[in-house]
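Below is one structure, written out as structure tokens; comments come after it.
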Amino acid sequence: MRRVRSLLRCLFCVLVTPVCVVTIHAAESNVRPLVVSTWRHGLAANEAAWKVLSDGGRALDAVEVGVKVTESDPTNLSVGLGGLPDREGNVTLDACIMDETGACGSVAFLQHIENPISVARLVMEKTPHVMLVGEGALKFARANGFQKKNLLTERANAEWEKWKANNPDAIQEREVNVENHDTIGLIAIDRQGNLSGACTTSGMAWKLHGRVGDSPIIGAGLYVDNEIGAATATGVGEAVIRAVGSFLVVELMRQGHSPQRACELAVERVVAKSSDWKTLQVGFIAIDKQGRVGGYSIQPGFDYAVYDSAQGNRMQKADSRL
Ligand code: SD4
């Protein structure tokens, strides 16, 4: 009887094991590579990131190449070149990047440089620091060959003139951004299963000169933990910073929540910590190590771009608290 059982077990192994191996690999190929990014401008960013990943490239290269598309698009009013200026007419940029080893780099309040994400990456790779700001960040960028450029486009300048005319005595105003443009946060998994993320913005339009939002702050605008997942944020940075939003999303995933549930719970935390939450927008997107995706926001209107081999590049509408 024992010999029969052992014979049957061997037969099972021979017949079933190859099927199991094939099945597991097929499932994995659906989530590797994977690119997810905020808002409709994410579609073009995802295309560039996907090209890197489908050639077998590293997630870190993909996230940088992806968000550079948005930074260099002069028609985009909230990221890089063409971003709306602060209340004094200066375009000031914030960006950060983080890789699968936990290495990270960031620039804040950086002016005159079209691709702050690449400066952030150099801060990560060439200095012992994480973050450079303002004049120092610009000096570092220039020393590393970045060209100084006027980032205030005619259109952004016209919008600023209009705002000034309508708000002669305005102090900082906060706008609920329900339009399809805002910060780009892009998170990705490469074929090796490694995660990276990038986040870049011109920040809140008409901000006080010197204001820095959540986007360049590791843990607030972006967080990556290669064992767990990655998350990034969009919307009113002050509210995201108070909740250390992206770190919170990743920690919630660590506790066992799905990316979707983690984004929902993080939005709940923002709501609990912001008495004015009904008048502000905050959105999170997240991926986990298994390639599951989540997104959630306070206000309706938030969407994000998802690119995988199963369904290609498409927009996903986020559920919202309101
Ligand atoms: C920031 N989260 O600087 C970014 C972008 C923004 O309205 O302000 N959007 O706070």
Task: Between helix 59-71 and the chain: long-axis angle, C-alpha atoms, 0 to 90°, nearest 10 - done: 30
Open item on the list: Using only Cα atoms and rounding to the nearest 10 degrees, what angle (0 to 90) does helix 134-143 make with the longest principal axis of the chain?
Closed with: 70
TODO: Please state, to two decimals, what the Cα-based radius of gyration of the chain comes to when divided by 2.2 N^0.38 Å (N = residues).
DONE: 1.08
Task: Nearest-ten-degree value, helix 2-29 long axis tilted from longest Cα axis of the chain - done: 20
- [ ] Using +1 at the Cβ of each Lys and Arg and -1 at the Cβ of each Asp and Glu in region 32-299, identify which of 284, 59, 202 lies farthest towards the dipole's positive end.
- [x] 59
Open item on the list: Can you compute the charge dipole magnitude of region 148-280 about its Cα centre, using +1 on each Lys and Arg Cβ and -1 on each Asp and Glu Cβ, nothing else charged? Give it in debye, rounded to the nearest 20.
Closed with: 200
Task: Charge dipole of region 32-299 about the Cα centre (unit charges at C-beta), most positive-ward option of 240, 48, 156 - done: 48
Open item on the list: Just to check I understand the Karplus step: with θ = phi - 60° and J = 6.51 cos²θ - 1.76 cosθ + 1.60, what whole-Hz values come out for region 290-307, glycine and proline as x?
Closed with: 7, x, 7, 10, x, x, 6, 9, 6, 8, x, x, 7, 9, 8, 9, 10, 10
TODO: Between residue 165 and residue 292, take the C-beta separation as r, use R0 = 56 Å, and let me know the FRET efficiency to the nearest 0.05.
DONE: 0.70
Task: Check: region 82-220 dipole with +1 on Lys, Arg Cβ and -1 on Asp, Glu Cβ, in debye - done: 400
Open item on the list: Sequence gap at least 6, Cα distance under 8 Å: using those rules, report the relative contact order of the chain to the nearest whole percent.
Closed with: 21
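Rule-based calculations on the coordinates, nothing more; no lab input. All values reported here derive from a predicted model rather than from experimental measurement. Note: ideal-geometry Cβ built from the backbone for every residue, glycine included; neighbour counts use all protein chains shown.
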